[in-house]
Structure formats: C-alpha cells, structure tokens
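The values are calculated or read from the model by the stated rules, or taken from the named source; none is laboratory data. As the structure is a computational prediction, the values presented were derived from the model and not from experiment. Cβ placement follows ideal geometry from the backbone for every residue including glycine, while neighbour counts extend to all protein chains displayed. What goes into the accessible areas is simple: the full protein's heavy atoms, side chains included, and nothing from ligands, DNA or RNA. Shrake-Rupley method; radii C 1.70, N 1.55, O 1.52, S 1.80 Å.
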Amino acid sequence: MRHRSNRTPIEMISVNRSSRTVWAPSANLGALLFGLVFAAGCGSDTSEDVPGTTSEETSQDPAVQIQQSLAHQDWNRRLDAAWQLGDRQDIPAPARVTLLLDALEREINQPTLGPAPRGTYLSTTEWLRYVYTRALGKLAPQALETLRQAVNQQTGEVRARAVLALGYAGQRDAIPELQALLRTSTVGDVRSDAAYLLGELEAHEAIPDLRQAARDTYLVDVDNLDGGATELYPVRVSAMKALEELGLTVELTEEGEYRVLDP
C-alpha cells in the first residue's frame, strides 16, 4: 500500500528550523521536499490578548465575533479565526463558509503585505489565502451547496480557491475544474494545489495535464537550514508527486529535471 501524506506540497516544500524535520515521499523526489510539522492550527501563538479586543467584542454574537477576527489588523488573529471555524458548531456551516469566502475575497482585493512567514516560501498574503482555502475544504462536507454556489457565482481567484476547497473535501466532481486550473490559472500556488489534489483524488484522466505541468515555470526560493536558498518549481514537484500517486514512476535527473519513466 502506498503511503499517503496528509500534508500538501505547500506544507511539504518548507523548512522548519526548530524541528529540522525532513519528509520525502520517495527517493526520487526527496531531495527537494522538506517537511513542515503543523500543530492543529497554523503554527502561530496568539493566545495572548490582541490589542483592540474589548469585552464588548467578546460578548457579541458568535458570527459577528468571528467576522471581526477575520478582519483584524493582526494577520495571525485572522489565521487562528479561520482554523477555528471548522469546529464552531455554534455558527451554521453555510454561514461559516460565507465568512471564509468573504475573508478570502477581502484578502485578494487588499493583500496583506509582508515576507514569507517562517516555515513556508509563500508570502504573507499567499499564506493567508492558502489557509482560508484549507479551512473551506475542512468545512465543505457540511456546506457543499454553499461552496458550489460560490464556484458558480464567483470569478477569478475566489472561484479558483472554492474549486480547490471542493478538491480538499474529496469531491471528485471537481476534477475537471481542477484540471482547468492546472492548465490555465495564473497563480502559481493554485496550480500547485490543483496538481496535488488531482493525485489525491486519483484522477487518472489528468495524467496528460500532469505530464505537461512537469515543465511549469513557477519558480520560488526555499530557505535552507544552512542559511542558503534552493530554487524550486512547486508545480513540477506537485505534478510529479501526483503522477507517483497515480502509479507512474518518476525520477529526478542529474540535471535537476523530472522524467516520467512509464509510457
């Protein structure tokens, strides 16, 4: 039985300087995949009071309180609120999905500035969008209709990430849309996630698209433990991991390129 990690490429292609954990799905891809050990949340510590929080805010309606947290100036506060929504049974699931979609749209329209948070190559705004997407995926089984409405009604990156959330929720009817994202999205980490999910969903029909993604040009620098950096093509790595999940054999050549050995 093939081992399946519950970490996505964005989480795997990362460096955790404190634990120095290395994760590799195979000997072929292991040289460029680094593991990030996640706690239940996003890894930030926001247990202390955040400036601007008042006793009046904490006494408000739960949905209003979460809405305020998702719009808070402290982006760590927003991340924690997003992760908490999966377990907030005091708020109806469709309302929680709507809150996350609103936060996602707000982040896309007004990006949070800042360098990559520790442990990921994504910038702050990219990391926020990724966490919102994963949180939507966690909620999706409880509010599929609301999320599918977003796919039908939204456009651009909001729609793309709603499609990704359906993929994270294991919805195989999202496979054609995921293939389209892999081929046409202008957002590199969206293409990377789409490739990863096609493997997780065992989408054998996507093999031609995944082979094509082996030449994707999205390039990032990943910090090394020694203080240097490694150039990495996340979409290529995700596509090759997906092809391995689908039963194909992939090798990393001496030139640093991926090659599919199966016909």
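Each residue in the range 225-246 was checked for being at positive phi and of a type in the set (K, R), and 0 of them qualify.
Using the structure shown, decide if E251 is in contact with a strand residue (DSSP E or B) (Cβ under 6 Å, 6 or more places away or on another chain), of a type outside the set (K, R), more than 30 Å from L139 (Cα to Cα) and in contact (Cβ under 8 Å) with a residue 24 or more places away in the chain. Against the criterion (in contact with a strand residue (DSSP E or B) (Cβ under 6 Å, 6 or more places away or on another chain), of a type outside the set (K, R), more than 30 Å from L139 (Cα to Cα) and in contact (Cβ under 8 Å) with a residue 24 or more places away in the chain), E251 qualifies. Residues that are within 24 Å of A229 (Cβ to Cβ) and modelled with pLDDT of 95 or more number at least 3 in the following helices (runs of 4 or more DSSP H) confined to the range 105-191: 124-139. Name every residue in the range 192-224 that is part of a loop (DSSP other than H, G, I, E, B) and in contact (Cβ under 8 Å) with a residue 40 or more places away in the chain, in order of residue number. Across the range 192-224, the qualifying residues are E202, A203, A214, N224.
Hey, any hits in the range 88-99 for a residue that's part of a helix (DSSP H, G or I), among the β-branched types (V, I, T) and open to solvent by 40 Å² or more (accessible area, probe 1.4 Å)? Full working, then the answer.
The initial filter retains those residues of the range 88-99 that are part of a helix (DSSP H, G or I), namely 93-99.
Checking which are among the β-branched types (V, I, T) leaves us with 97-98.
Next cut, open to solvent by 40 Å² or more (accessible area, probe 1.4 Å) only: 98.
Within the range 88-99, one or more residues are part of a helix (DSSP H, G or I), among the β-branched types (V, I, T) and open to solvent by 40 Å² or more (accessible area, probe 1.4 Å).
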